[in-house]
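Scroll down for the structure; my scribbles are underneath it.
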């Protein structure tokens, strides 16, 4: 016997139904910080410290973020020049 259940809801409705927190303000702040780093307004080290406090990812995770931020800074500098 096979039973299929289809639930039609928005992602927000699904999040609330599962009891998960609304992280929209946190996500918005994170995106704003990333934009500031890419525009050269904030040093990548500040964002790195923030990421460490949010989710300890170990050295491999921080190396990934560092490489991403370094490449974003290089791309941003190239587009300004």
Query raised in the report: Which distance in nm do the two modelled labels at residue 14 and residue 28 give, with both placed 7 Å along the Cα-to-Cβ direction?
Result: 2.3 nm
Query raised in the report: Can you give the extra length, in nm with one decimal, that the chain gains between residue 6 and residue 70 once fully stretched, where that is 0.36 nm per residue apart less the Cα-Cα distance?
Result: 18.7 nm
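Bear in mind these aren't lab numbers, they're just calculated from the coordinates by the rules spelled out. A quick note: this is a predicted structure, and the numbers were derived from the prediction, not measured. Every residue, glycine among them, receives a Cβ derived from its backbone with ideal geometry; neighbour counts consider all protein chains shown.
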